[in-house]
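To keep things clear, I will list the structure first and then write my remarks on it.
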């Protein structure tokens, strides 16, 4: 079959939209949580990103 049904495009588009929305909301919640914490913790959290990336790179 040469053509892809329209329903398949809708399914893929809706999944991508939901994944993007969840990622966006997760970042908003994380920044709000950091805003309610101390400045020391906020500074430490921003510096932990590369450390977690390194750990995941070593593990996988």
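Laboratory data are not the source of any read-out in this text; all were calculated from the coordinates shown. Keep in mind the model is a prediction, meaning the values are calculated, not measured. Virtual Cβ from ideal backbone geometry, glycine too; neighbours counted across all protein chains shown.
Some points to look at:
- Exactly one residue out of 12, 25, 16, 41 is surrounded by 10 or more Cβ atoms within 10 Å (Cβ to Cβ), at negative phi, assigned to a helix (DSSP H, G or I) and touching a helix residue (DSSP H, G or I) at 6+ places or on another chain (Cβ under 9 Å), and it is 41.
- Residues being surrounded by fewer than 10 Cβ atoms within 10 Å (Cβ to Cβ) and either part of a loop (DSSP other than H, G, I, E, B) or in contact (Cβ under 8 Å) with a residue 24 or more places away in the chain (or both) - total across the stretch 28-38: 2
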